[in-house]
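Note sheet for the following structure.
Readers should treat all values here as calculations from the given coordinates under stated rules, not as data from a laboratory. Everything numeric here is computed off the predicted structure, so don't read it as measured data. When we count neighbours, we look across all protein chains shown, and the Cβ atoms used for this are built from the backbone with ideal geometry, even at glycine.
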Amino acid sequence: MIATHALSAGEWLGLFLHFMMLSMLAIGGAITTAPEMHRYVVAQHGWLTDGQFTTSIAIAQAAPGPNLLFVAAIGWNVAGFAGALATMLGILIPSTTVALAATRWGAQRRESRGVRAFIAGMAPLTIGLVLSTGWVLAEPSRHSLGAIALVLLATLVTWRSRLSPVWMVALGAAAGAFGLA
């Protein structure tokens with residue numbers, strides 16, 4: 001995919017600031033903010049289509065490297081190298097700064113009741129954010145019975161077995177290649 005959008009100075013700033021804000025909401029990782037990224041770059045600004053957005057995430061997740069690469073792929077597809085730079089700096093600066101400070105603070109108070117309660121409370125929040133991300137990413141194929149069956153199969157196999165998720169990704173790729181999903 002090639003970026004085709006020439007952003008104004010205000011749009012550049014908006015893109016950077018929006019991803020900075022998302023950085024502070026990324027409990028469970030940046031992928032949990034994908035629904036809001038989708039709303040911003042697809043629904044609100046029309047910089048990407050549903051398919052381009054989903055493909056950006058799929059390609060980045062399939063590539064070796066940090067799980068965060070999808071943010072750069074979205075930025076790249078919005079506005080090339082500068083878009084990738086704006087989205088990556090926006091998503092990295094706030095959360096990295098807070099994570100470093102919180103890790104130091106929490107390590108010193110690991111056994112306190114408040115720290116333990118905070119950690120326990122983050123699990124359900126993270127699960128909800130990941131589920132909402134899955135819902136948004138499934139949008140382009142939600143009307144395909146084959147795709148829905150694959151999602152259910154992959155979920156069941158991953159939940160009930162020790163089989164590597166890579167095999168589920170391979171199954172999905174094969175089904176897509178043969179037009180089954």
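Report yes if Ile119 is more than 19 Å from Phe16 (Cβ to Cβ), assigned to a helix (DSSP H, G or I) and within 14 Å of the chain's Cα centre (by Cα), otherwise no. Spell out the reasoning first.
Details: more than 19 Å from Phe16 (Cβ to Cβ): yes; assigned to a helix (DSSP H, G or I): yes; within 14 Å of the chain's Cα centre (by Cα): no.
Judged against the criteria, Ile119 is not a match.
Which one is surrounded by the fewest Cβ atoms within 10 Å (Cβ to Cβ), of the residues in segment 151-167 that are polar (S, T, N, Q) and part of a helix (DSSP H, G or I)? Lay out the reasoning, then the answer.
Step one: of segment 151-167, the residues polar (S, T, N, Q) are 155, 158, 161, 164.
So of that shortlist, the ones also part of a helix (DSSP H, G or I) come out as 155, 158.
On the way: Thr155: 12, Thr158: 14.
Filtering first and then ranking leaves Thr155.
Output the number of residues of segment 39-57 satisfying the condition of being free of Cβ contacts under 8 Å to residues at least 40 places away in the same chain and either assigned to a helix (DSSP H, G or I) or crowded, with 16+ Cβ neighbours inside 10 Å (or both).
Step one: list which residues in segment 39-57 are free of Cβ contacts under 8 Å to residues at least 40 places away in the same chain, which gives 39-46, 48-49, 53.
Cutting the leftovers down to either assigned to a helix (DSSP H, G or I) or crowded, with 16+ Cβ neighbours inside 10 Å (or both) gives us 39-45, 48, 53.
Residues in segment 39-57 being free of Cβ contacts under 8 Å to residues at least 40 places away in the same chain and either assigned to a helix (DSSP H, G or I) or crowded, with 16+ Cβ neighbours inside 10 Å (or both): 9 in total.
Please find, among Thr103, Thr87, the residue that is in a helix (DSSP H, G or I) and loosely packed, with under 11 Cβ neighbours inside 10 Å. Break it down into steps so the answer makes sense when it comes.
Numbers: Thr87 fails: loosely packed, with under 11 Cβ neighbours inside 10 Å.
None of the other options fit; the residue is Thr103.
Give the residues of segment 168-181 that are more than 21 Å from the chain's Cα centre (by Cα) and part of a helix (DSSP H, G or I), sorted by residue number.
Leu171, Ala174, Ala175, Gly176, Ala177
Could you tell me whether any residue of segment 21-38 is in contact with a His (Cβ under 9 Å, 6 or more places away or on another chain), in a helix (DSSP H, G or I) and under 19 Å from Leu129 (Cα atoms)? Working first, answer last.
Kept after step one, since they are in contact with a His (Cβ under 9 Å, 6 or more places away or on another chain), are these residues of segment 21-38: 36-37.
Now narrow it down to the ones that are in a helix (DSSP H, G or I): 36-37.
From what is left, the residues that are under 19 Å from Leu129 (Cα atoms) are 36-37.
Yes, the conditions are met somewhere in segment 21-38.
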